[in-house]
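**Student:** Starting off with a structure, shown below.
The values are calculated or read from the model by the stated rules, or taken from the named source; none is laboratory data. Quantities reported herein were computed from a predicted structural model and do not represent experimental measurements. In this analysis, Cβ positions are derived from the backbone assuming ideal geometry, glycine residues included, and neighbour counts consider all displayed protein chains.
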Amino acid sequence: MTFFKKLILVIIALPTFNFASAQVVETVLVRGSKFKPVLTEVELPDLTSTTSFDGKYFKIVKGKSETAISLNEADEKLKLKAATTYYHLNLIRNFWANTIHSENVQNLPKVTIRLEITNLFSDLGHFQHDSIDPHYNDALSIPAGDPMDGVDIPSWGNEIWFRPVKTIRTEDLPRSGLGADGNPLAKYIGMLSNPVESAATNRMIQLTLQKIFTPQQVQSTFQSTMIRQAGTILISEILLEASKHSDKLFLEKYYYLDTAMIPEIIYHEFSHIALSDKLTLGLSTPILEGMADYFATSFSNDPHIASKIKKYSLSMPKDGSNKNKYNPDYETNTFANSDFVLSLLWSVKKEFPEVADQLIFNARNSLTTGFSDIKHGLIQALLDSCETICVDPRADRMKLRDIFESRGF
Ligand SMILES: [Zn+2]
């Protein structure tokens, strides 16, 4: 090679080299083989800042701050969370924009991501006061909003809040409010297939739960929070509530859920925002949570949420491969975070792996947050969606009916 040719090559390579040196590589948590969590170095896509976690689509801040977390953040745990959320949010955004072709996501303004925030959300003024009931161990997506007239608070866009993790003794967990309407809890336990192995154990738990819940009228902040926001609280809360009265039946003495470190929960929260063009945020319903769960797990290509990740979650994982039969109680918002809808949608994915994402995405057109139920709303929406999306609508709708029948409809 002549000197001249070498010179040309160097000139061609130079801009590429300069560009590469400006790229930011950070350590993040990803799911490795067999869904095991591993730390790995990745390039952070679409950063617009060279000094902070501020990008084209997401800005990662701490608490109520509006300033992005620095790439030189001294708190290593916070930096790992910032990098992990930033990385996975860009992955799931890309899926929604370019695989699902969501126009909502393609046109979405930049989303602010708040880490370590304990405040409750207020649709009148963005943040509730610091002193009011600080929250831990969950995540939520909040709708854009304007403050009340005459209040000196700027308006805000869509945001995702990841709360700090906090280890709580299960016996100190707040009551989940299940007894609020006077329903005996006994019937619910039959719906929770996972930890209940034998009929004898099941019966023991039933008796225990009856004793605990039947006489009580409990109204808690958990319930009022879940009614107003689309949050992530796993069904473990229900089991853990019982565990303090029946230690021998439940293994875990402690509870924690570090939502910002669990890829599927990050996907779940962004999916709420992606779906919010039709399924508006503000209410945590079984349809809303199940749809967000579905797209989170479809993207990660594994039906589990928060499994095999004990360092960051000591709570009951959701499992889309459950085969629980339908029970009318699944329609209640108390069960918004059960995995029934997720598992129903996974049954559809198993039967129609090629078109399930579009079939389910299209079904949301006929669903609303406030009014749609599973038995009539979701089932009919899926059948209707099949009419336009399925390869052979006539035969495929029959297959859908078979799936629904097998799940107790
Ligand atoms: Zn949710």
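**Student:** Taking the criterion of being surrounded by 22 or more Cβ atoms within 10 Å (Cβ to Cβ) and within 16 Å of the ligand (Cβ to nearest atom), would at least one residue in the range 149-158 satisfy it?
**Tutor:** The answer is no; no qualifying residue exists.
**Student:** Under 6 Å between Cβ atoms, which residue pairs at least 6 apart in sequence (or on different chains) link something in the range 279-294 that is over 17 Å from Ala144 (Cα atoms) with a partner that is within 11 Å of the ligand (Cβ to nearest atom) and among the polar types (S, T, N, Q)?
**Tutor:** Sorted first by the residue in the range 279-294, then by its partner, the pairs are Glu289/Asn337; Ala292/Ser271.
**Student:** If you don't mind, another one. For the range 128-145, how many residues are of a type in the set (Val, Ile, Thr) and more than 16 Å from the ligand (Cβ to nearest atom)?
**Tutor:** Looking only at that region, the number is 1.
**Student:** When you check Ser271 against the structure, is it touching a residue at least 40 places away in the same chain (Cβ under 8 Å) and assigned to a loop (DSSP other than H, G, I, E, B), yes or no?
**Tutor:** Criteria not met by Ser271.
**Student:** If you don't mind, another one. In the range 341-409, which helices (runs of 4 or more DSSP H) lie fully inside it and hold 1 or more residues that are more than 20 Å from Ser276 (Cα to Cα)?
**Tutor:** 379-389, 393-406
Table: residues versus (1) modelled with pLDDT of 95 or more; (2) out of contact with any Leu (no Cβ under 8 Å at 6 or more places or on another chain); (3) more than 16 Å from the ligand (Cβ to nearest atom).
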position: Lys110; (1), (2), (3): yes, yes, yes
position: Glu116; (1), (2), (3): yes, no, yes
position: Phe121; (1), (2), (3): no, no, no
position: Pro147; (1), (2), (3): no, no, yes
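**Student:** So which residues in the range 273-285 are within 11 Å of the ligand (Cβ to nearest atom) and over 17 Å from Gln106 (Cβ atoms), if there are any at all?
**Tutor:** Those that are within 11 Å of the ligand (Cβ to nearest atom) and over 17 Å from Gln106 (Cβ atoms): Leu279, Leu281, Leu283, Ser284, Thr285.
**Student:** To continue, here is another question. Among the residues of the range 317-362, how many are touching an Asp or Glu at 6+ places or on another chain (Cβ under 6 Å) and away from the ligand (no atom under 15 Å from the Cβ)?
**Tutor:** Selection size over the range 317-362: 3.
**Student:** Looking only at residues that are buried (at least 24 other Cβ atoms within 10 Å of the Cβ) and among the hydrophobic types (A, V, I, L, M, F, W, C) in the range 288-299, which one is nearest to the ligand (Cβ to nearest atom)?
**Tutor:** So, considering only residues that are buried (at least 24 other Cβ atoms within 10 Å of the Cβ) and among the hydrophobic types (A, V, I, L, M, F, W, C), the one nearest to the ligand (Cβ to nearest atom) is Ala292.
**Student:** Same structure, new question: Exactly one condition in (1) surrounded by fewer than 24 Cβ atoms within 10 Å (Cβ to Cβ); (2) in contact with a Phe, Trp or Tyr (Cβ under 6 Å, 6 or more places away or on another chain) is not met by Ser271; state its number.
**Tutor:** All conditions pass for Ser271, except number (1).
**Student:** Any idea which of (1) in contact with a helix residue (DSSP H, G or I) (Cβ under 9 Å, 6 or more places away or on another chain); (2) more than 30 Å from Thr167 (Cα to Cα); (3) at pLDDT below 95 is the one His376 doesn't satisfy?
**Tutor:** Single failed check for His376: (1).
**Student:** Contact list please: Cβ distance under 8 Å, first residue in the range 142-160 and at negative phi, second residue surrounded by fewer than 18 Cβ atoms within 10 Å (Cβ to Cβ) and among the hydroxyl-bearing types (Ser, Thr, Tyr), pairs at least six apart or on different chains.
**Tutor:** Pro143/Thr280; Ala144/Ser155; Gly145/Ser155; Asp146/Ser155; Pro147/Ser155
**Student:** Answer with yes or no whether Glu76 is more than 18 Å from Thr259 (Cβ to Cβ) and without any contact (Cβ under 8 Å) to a residue 24 or more places away in the chain.
**Tutor:** For Glu76, the condition - more than 18 Å from Thr259 (Cβ to Cβ) and without any contact (Cβ under 8 Å) to a residue 24 or more places away in the chain - is met.
**Student:** To continue, here is another question. Is there a residue in the range 368-389 that is over 30 Å from Asn333 (Cβ atoms) and buried (at least 18 other Cβ atoms within 10 Å of the Cβ)?
**Tutor:** no
**Student:** Here's another thing I want to ask about it. Of (1) polar (S, T, N, Q); (2) within 19 Å of Leu39 (Cα to Cα); (3) surrounded by 22 or more Cβ atoms within 10 Å (Cβ to Cβ), Ser307 satisfies all except one. Which?
**Tutor:** Exception for Ser307: condition (3).
**Student:** Among the residues of the range 41-64, write down those that are free of Cβ contacts under 8 Å to residues at least 24 places away in the same chain and either assigned to a loop (DSSP other than H, G, I, E, B) or loosely packed, with under 12 Cβ neighbours inside 10 Å (or both).
**Tutor:** Glu41, Glu43, Thr48, Ser49, Thr51
**Student:** Next question, about the same structure. Going residue by residue through the range 132-142, is there one that turns out to be crowded, with 20+ Cβ neighbours inside 10 Å and hydroxyl-bearing (Ser, Thr, Tyr)?
**Tutor:** Yes.
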